[in-house]
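Asks: Structure incoming, see below.
Each reported figure results from applying straightforward, stated rules to the coordinates on display, with no laboratory input. As the structure is a computational prediction, the values presented were derived from the model and not from experiment. Virtual Cβ from ideal backbone geometry, glycine too; neighbours counted across all protein chains shown.
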Amino acid sequence: MRRSLIPKSLLVLFLCIGPLSWIMGQHERTVPGQIPYTTAIFDSSFEKALYKGSLDISKHHLTGLFFLKRVSVNSVRIVFSNEMGMTFFDLELKGDDFIVHSCFPSLERASLLKLLKNDFRLLMFPDTTVTRMKPGRSGDSGLLIFRVKSARGSFHYTYDKDSGKIIRIQTSRSIMGRTDLRINGDKRLEPTKIYISNSTIGLQINMTFLSN
Amino acid sequence: MKYKYGFVLIFFTFSVSFVFSQGPLTVMKNPEVFKQRFSEATRKTQTIEANFTQEKNLSVLSDKIITKGRFLFKKEKKLRWEYTEPFHYVIILNNGTMFTQDEDKKSKIDMRNNKMFAEINSIILGCVQGNLFNDEQKFLSSFFENSGSFLVKMKPLAPNLKEYLSEIRIYFDKNDLSVIRLEMYEPAGDFTRIDFSGEKINTNLPDETFLNP
């Protein structure tokens, strides 16, 4: 039993370090001297941010404020309320757990909540389970595309070559459809605009940065 | 019918801090007299303009989201909430129709086809008119006072309302019976507080103010 642990440990070590060194290698080869590629959209120093935004699901068009806050190292709270202050949903991503603190009855659908869980996890937490990153083709010389495989699934990550920042994540097609997450920002820590869509479920989220 | 459109709020001229420093609130001695006085005071009010500061309190996170803007009301059922800080957003409620302007995006919502907005509209209009506590089928009201203000606490009775509102509190100035503060409590513990200030009564507000912005 003890002997069999050693190769497993090595395998885990390889899976953790392998992709990182591969990414760093790609970084050096393609964008020398620039910021290393990362799977984080929000920096680890992120504390909180307020976004003005809207959420379209089926025939509902909801507008209001998204409040994102890190409540611990591995926990982020996402509160979406309308302009009058009534909470549409209050969600928490805590490690692998997903806690629905409150949710407006008409939004309390398993498929929507699952999508929100996956999409906000993509947005808020870097993927530390990457097992493979393969360069893809980009029609834009200013962009770099990687095909990424991880425990979360398969994705296309698009990076801005100059800043090294993620500007788009697309999930591969699945029963939940295909999520397209786009981020615009300047040199600030937080993205200034976030756009999430899933045509299969009919979900669109637009967020514009207001304040910390 | 007596109270259907009879209560229209009148906003305060005293500072909120002054009114709220008038000692602990105790059960109101005679709520019927309060209702009667309020009905008489609001009968003369045709329009209201005021500034508002809205504070959304996220209890668990110990954070507040503060927004500010301008509030307009015109008898019978016309409301305009114009948020100016930290974003620009306009909500207009006009006899069953809701218009919104989110930056450049304009929307028109017929609330008869949208239960959620219909409920929100009903609550907002009832709150700003001050007649929400008269709806005994929807709310269980209790009345309190101190030397400077009246407080009406309303607990929703309808199951669909209970899902997203646990209590509404309306604070009135004891001198002129104007609404000075509105608080909406949610079941999860969050609440929104709206303080009104700088009111102007019975100014000329054109109907166009309450049309699609």
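Asks: Anything over 28 Å Cα to Cα? Flag those among B:Lys74/B:Lys138; A:Lys59/A:Lys94; A:Lys117/B:Lys78, in the order listed.
Replies: Pairs exceeding 28 Å: A:Lys59/A:Lys94; A:Lys117/B:Lys78.
Asks: Sticking with this structure for a sec: Within 10 Å of each Cβ in peptide A:74-85, how many partner chain Cβ atoms are there on average? Round it to a whole number, please.
Replies: That works out to 5 on average.
Asks: Sticking with this structure for a sec: Taking only the alpha-carbon positions of the range A:48-211 and ignoring solvent, what does the Debye formula give for the base-10 log of I(q)/I(0) at q = 0.12, 0.18, 0.19 Å⁻¹?
Replies: Taking Cα atoms of the range A:48-211 as identical point scatterers yields -0.54, -1.24, -1.38.
Asks: Give me the distance between the Cα centres of the range A:110-159 and the range B:156-185, rounded to whole Å.
Replies: 45 Å
Asks: Rounded to whole Å, give me the distance from the Cα center of the range A:162-212 to that of the range B:22-57.
Replies: 45 Å
Asks: Which FRET efficiency value, to the nearest 0.05, do you get for A:Asp97 and B:Lys77 by plugging their Cβ-Cβ distance into 1/(1 + (r/R0)^6) with R0 = 41 Å?
Replies: The pair A:Asp97/B:Lys77 has a calculated efficiency of 0.35.
Asks: Whole-Å semi-axes of the range A:153-194's equivalent ellipsoid, largest first, each the root of 5 times a Cα gyration tensor eigenvalue?
Replies: Ellipsoid half-lengths, sorted descending, are 23, 11, 6 Å.
Asks: Can you bin the range B:24-205 into rounded, prolate or oblate? Criterion: square roots of the alpha carbon gyration tensor eigenvalues sorted a ≥ b ≥ c, rounded for a/c under 1.5, prolate for a/b above b/c, oblate for the rest.
Replies: rounded
Asks: Given a Förster distance of 45 Å, report the FRET efficiency between A:Ser199 and B:Arg70 from their Cβ-Cβ distance, rounded to the nearest 0.05.
Replies: 0.70
Asks: Now for a different question. Roughly how far apart, in whole Å, are the Cα centres of the range A:40-101 and the range B:69-92?
Replies: Centre-to-centre distance over Cα atoms comes out at 25 Å.
Asks: Quick query: amide H of B:Ser166 versus all other amide H atoms, modeled in the peptide plane; which residues come in under 5 Å with a sequence gap of 5 or more or a different chain?
Replies: Long-range HN contacts for B:Ser166: B:Tyr185, B:Glu186.
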